[in-house]
Each structure stands twice: as C-alpha cells, then as structure tokens.
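Written out below as structure tokens is the structure these notes cover.
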Amino acid sequence: MERLRINGNISLMGIGRGISIQLVSEEIDPETNLGKSVRALVRGWLPKPSNNEHIFEYAADFTIPFDFGNPGAILVTNLHGKEADLPSQTPPGIKDLRREDLLNLRGNGKGKRKPHDGIYDYALYNDLGGPDKDERTC
C-alpha cells in the first residue's frame, strides 16, 4: 500500500470526511475510449499524526489492475477545492475528466446561480490570456 500526502493547511472542520481518492491512468482504455481509473475512500475520520504541521497523512486501499499503466493524475475529492493542470499539460487519459469537470463547473448562464456553478461563464468572460496558446499569452 502506498501513502498519499496532502500538503497544505486544512481547517479542522470536516477533516477526513468523505475524502475520495481516484487514480487515473495516463493510458486510454481501448474498450471505453476513456482514461482507466480506480477509486478508494480514505480510511478513518482524522489524519495520522505528523511532525510537520503542514502535512496531513491519510490512508486508502486501492485494487489496481495489472494493465493499469502509470498514474497520470490523482484526484482528491473532499469538502475543499482542488487544483488542476493547464489543459496543454493534461495527459490523454484524463482529458475527458477535465472536459467533464469544466462543464459541471461552468453552469448554463441562465437563471439563479447555484453554489456549484463557477464564478463566471467561461465563454462570456474569457479575457484572461491564452495559457494554452503559449507562455507569452499567459
């Protein structure tokens, strides 16, 4: 079993509750045409004690198929937000997950905003540069 360390300051409220860890392969599954993935829930409610106040250590058990390949992404889902790579750096196996996440966060631009909608509609407010184009347009 491998250990996953989550770095950063996390509020004590809700620590360890409902944390799901998903490993996504760099490779595409030929049957589904999507990235291969396995998911596990974190064991326990609280992190293991650590000598470093900024490191919180949790444990999860994964059953990984022999042909899984190298992990291309580790998705940690909990009550807190998560960071993502730039689209230009996204491995092929997780591009569909990135696209799905963007669609879920984007909202539809109609009616009252829901808490899970993004702050703005990306298509309407897209003057933040072009990080996918090249470094000069970031």
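The values are calculated or read from the model by the stated rules, or taken from the named source; none is laboratory data. These numbers come from a predicted model, not from an experiment. Using ideal geometry, Cβ is built from the backbone for each residue, glycine included, and neighbour counts are taken over all protein chains shown.
Would you confirm, using the coordinates I've provided, whether Tyr120 is at pLDDT below 85, of a type in the set (Phe, Trp, Tyr), surrounded by fewer than 13 Cβ atoms within 10 Å (Cβ to Cβ) and part of a loop (DSSP other than H, G, I, E, B)? Spelling it out, it is not the case that Tyr120 is at pLDDT below 85, of a type in the set (Phe, Trp, Tyr), surrounded by fewer than 13 Cβ atoms within 10 Å (Cβ to Cβ) and part of a loop (DSSP other than H, G, I, E, B). In the range 101-117, the qualifying residues are those that are over 27 Å from Glu135 (Cβ atoms) and surrounded by 12 or more Cβ atoms within 10 Å (Cβ to Cβ), and the one that is modelled with the highest pLDDT is Gly109.
Within the range 38-53, the set of residues being farther than 27 Å from Ile94 by Cβ and not basic (Lys, Arg) comprises Gly44, Trp45, Leu46, Pro49, Ser50, Asn51, Asn52, Glu53. Looking across the range 70-89, just one residue is surrounded by 17 or more Cβ atoms within 10 Å (Cβ to Cβ) and either in a loop (DSSP other than H, G, I, E, B) or at pLDDT below 75 (or both), and that is Asn78.
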